[in-house]
Structures are given as C-alpha cells and as structure tokens.
Amino acid sequence: MQSGISASAELLRAFQTFLTTPTQRGLLATISNESIQPGPTISSTNSSFLSDLSNLSPHLTPNGALYIILRRADSSSSAAPAAGSLVAVTYVPNAAPVRQKMLFASTRLTLLRELGSEHFGETVFVTEAEELSKEGWARHEAHGEAANPLTQEEQDLEGIKEQEAMESRGTQGKSLASGGSLAVKADEGVVGAVSALGQGGDNLVQLALDPKTEALTLVSTSTATASSISSAVDNSSPRFLFYRHDAATSNPILFISTCPSTSKIRERMLFAASRNVVIQFAQKEGGITIAKRLEVTNPDEITEKVIEEEVGESGKEEVPAVKSGFARPKRPGKR
C-alpha cells in the first residue's frame, strides 16, 4: 500500500551524513508537507546502545509520531555501519491524531526502501515511549529470542527486498500499489471472485488483509441479502466486503468495510490506510464499478435499512477509484 509520500532530498542527505558520523546514535524523521523530512540527530553519549536510548526521551511526546533510525552497534567506529546494522523504529503513540497514525503506518516501508533496505537488520513498531527505554528494549529483545526464527520485522524487510528484485527483473504481479513503496499483493483468487461478482456470480465477496504479509486474501464468496450480511461477517477481524444488491433494479455493487474496535492497532491502521487502493484494485483488476461506499465498525451495523438508504432507487452514484486525503468515516445511514 502507499500513501503517496516519499523521502525528501533533505532526509536523504541527512541519512548519508548519519551513516558516516559514528558519534550519532540516531536520526529522527517526521512527515511534513506530504514528504518525510529529517529531524534532530541523537548523539551517542554512552558506550552501549541500551544506555543511549535515554537520549531519545526528550523527543518522544504522547501525541506525535516519529520515525527513528538507530545505530545498533555498542562501540563507535570511524567506518560506515555494516549492512543490516541499523534499526528503523516507527513510534506511533495511541494519542496521535488518526490521520497521522494512518500516514506513518502506510509510509514506513517506503522509508526503508528509499533509504536502502540493506542498511536495516530490524524494524520495530511501538506505541509507548517506555518501549524505547533501556528496560523496554530489553523486553523486546527477550520476546524476539523466544519468537519464531523469522520475525514480523524480518518479514517486512524480506518483502521489500523481494519487491525490489521483481522490479529489477521487470516482473509484473497482481498488486494493490506500485511505484515508490512496497506493493501489497493479492491472491489470484481475489481477482477471480471480484470479477465473478460483477458478472452475476455470488453476490457477497469477503476479503481480508493479512497483517503479516500485507497481502489481500480471499475469505469467502457467498449469496446474501441485505438483512443477512451482518451474520455472515466475522465480528473480530477487519473485512473488505463487495456486495451486489440484487434487490435493486440496477444491481449496484457496494464496497463495505468493517473494522471492529477489538482488532489490533496495527491491523486497524493497515486496514484504514488501504481502503482506497482496494477500491481502485477491484475496479481496475476485477472490472466492477462501485456504486456506494459504506464504512462501519462492527458487522451488526450493516442492516437492511442502512443498505436501502445508501442505495436508494437509482444506485447510480459511482464512487471514485481513489479519494484524496483521509475523510472521517461516515456513520451508517448518514448521507
């Protein structure tokens, strides 16, 4: 997925300086004016990485997101850091504005790729400042040692490297986004199911976004009515739904997204940031036209009354492939 935001020339220069300045422990960056801009550097005042983490504290606020690039080695050296020796931290506190959360979540892989994924051996996503303390990092390391050999962060990096290799070979694939960021891939079954819906097949297609691989997957296809959709949808995980309302004469297709509040924060941010590209993907690759868009929290908000009010008699209001900005989700039934 992509946000359309990329690293600025100023950040690229600051990063090159950081690579050749071993007395700098970290480099901060933020999103401003639709690009990733460099922030202050963090000096190394201790001999160990864990002790230097205390220098981050003045820069961590309870409502401001940051990208933090850290030099992992304990001892400083005049040489440039070895490949894979940097850590990329995405700090998105729970109290940060919703739009900021979405932007930072959807742009972090772009940042890694444009700086050079070969420099980074680990990426970390945190929501609390305490996680970036000496004690918090020690817990993170302990958890990593107990986890599976391939962590989520390593999977992210592998995905970036795989995409770079595909582009260098000119390989084409079914993907939700392309260009300056890691593409989010979709299973082949996704295109077939969406296309079949548009051609008169099952009228309810359910898709999910795998938080580990960031791939769009097919959950199910079925036949449903406006009153039965809610009972067919999982109430614990986010879902993208394509529903053809056969009760209307024009058979309009609705895009419905559900995102339960009980979902994990990373799932919610990835999901929210990908809605527009999913619509674009379905219309371009699946050959369908979305007549209406409905965003709800829980499946039980999808009722026959809501569907009828949204569709009306004409069902002809076409949703643009991609909306600009981040609009506040509509309440069900509201125009």
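Out of all the residues in the range 95-111, is one or more outside any helix (DSSP H, G or I) and either in contact with a Lys or Arg (Cβ under 7 Å, 6 or more places away or on another chain) or surrounded by fewer than 15 Cβ atoms within 10 Å (Cβ to Cβ) (or both)? Yes, the conditions are met somewhere in the range 95-111.
Sub-7 Å Cβ pairs linking a first residue in the range 100-125 that is of a type in the set (S, T, Y) to a second residue that is in a strand (DSSP E or B), at least 6 apart or interchain, are T107/I31; T107/I36; T110/S6; T123/A88, ordered by first then second residue.
Restricted to the range 68-110, and to residues there that are over 21 Å from E128 (Cα atoms) and among the hydrophobic types (A, V, I, L, M, F, W, C), the residue that is modelled with the lowest pLDDT is A79. I'd like to check something: does the range 321-330 contain any residue that is at pLDDT 50 or above and either open to solvent by less than 60 Å² (accessible area, probe 1.4 Å) or closer than 18 Å to Q206 by Cβ (or both)? For the range 321-330, residues at pLDDT 50 or above and either open to solvent by less than 60 Å² (accessible area, probe 1.4 Å) or closer than 18 Å to Q206 by Cβ (or both): absent. If you go through the range 188-227 and keep only what is under 19 Å from the mean Cα position of the chain (by Cα), surrounded by fewer than 18 Cβ atoms within 10 Å (Cβ to Cβ) and among the charged types (D, E, K, R), you end up with D210, K212. For the range 219-238, does any single residue satisfy the condition of being within 28 Å of T90 (Cα to Cα) and among the hydrophobic types (A, V, I, L, M, F, W, C)? No, the range 219-238 has no match at all.
Here is a yes/no grid of residues against (1) assigned by the TED database to the domain that holds L111; (2) more than 27 Å from A105 (Cβ to Cβ); (3) not in a helix (DSSP H, G or I):
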{"position": "R13", "(1), (2), (3)": "yes, no, no"}
{"position": "F18", "(1), (2), (3)": "yes, no, no"}
{"position": "P22", "(1), (2), (3)": "yes, yes, yes"}
{"position": "T30", "(1), (2), (3)": "yes, no, yes"}
{"position": "Q37", "(1), (2), (3)": "yes, no, yes"}
{"position": "T41", "(1), (2), (3)": "yes, no, yes"}
{"position": "N46", "(1), (2), (3)": "yes, yes, yes"}
{"position": "L50", "(1), (2), (3)": "yes, no, no"}
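Residues in the range 243-273 that are open to solvent by 10 Å² or more (accessible area, probe 1.4 Å) and assigned to a loop (DSSP other than H, G, I, E, B): D246, A247, A248, T249, S250, N251, C259, S261, T262, K264.
Across the range 288-303, the qualifying residues are those that are assigned to a loop (DSSP other than H, G, I, E, B) and hydrophobic (A, V, I, L, M, F, W, C), and the one among them that is surrounded by the most Cβ atoms within 10 Å (Cβ to Cβ) is I302.
Report yes if some residue within the range 17-35 is modelled with pLDDT of 95 or more and basic (K, R); otherwise report no. No, the range 17-35 contains no residue that is modelled with pLDDT of 95 or more and basic (K, R).
The values are calculated or read from the model by the stated rules, or taken from the named source; none is laboratory data. Since the model is a prediction, treat every value here as computed from it, not as a measurement. FYI the Cβ positions are ideal-geometry reconstructions off the backbone, even for glycines, and counts take in every protein chain you see. We work out accessible area using only protein heavy atoms, side chains counted, and drop any ligands, DNA or RNA first. Shrake-Rupley method; radii C 1.70, N 1.55, O 1.52, S 1.80 Å.
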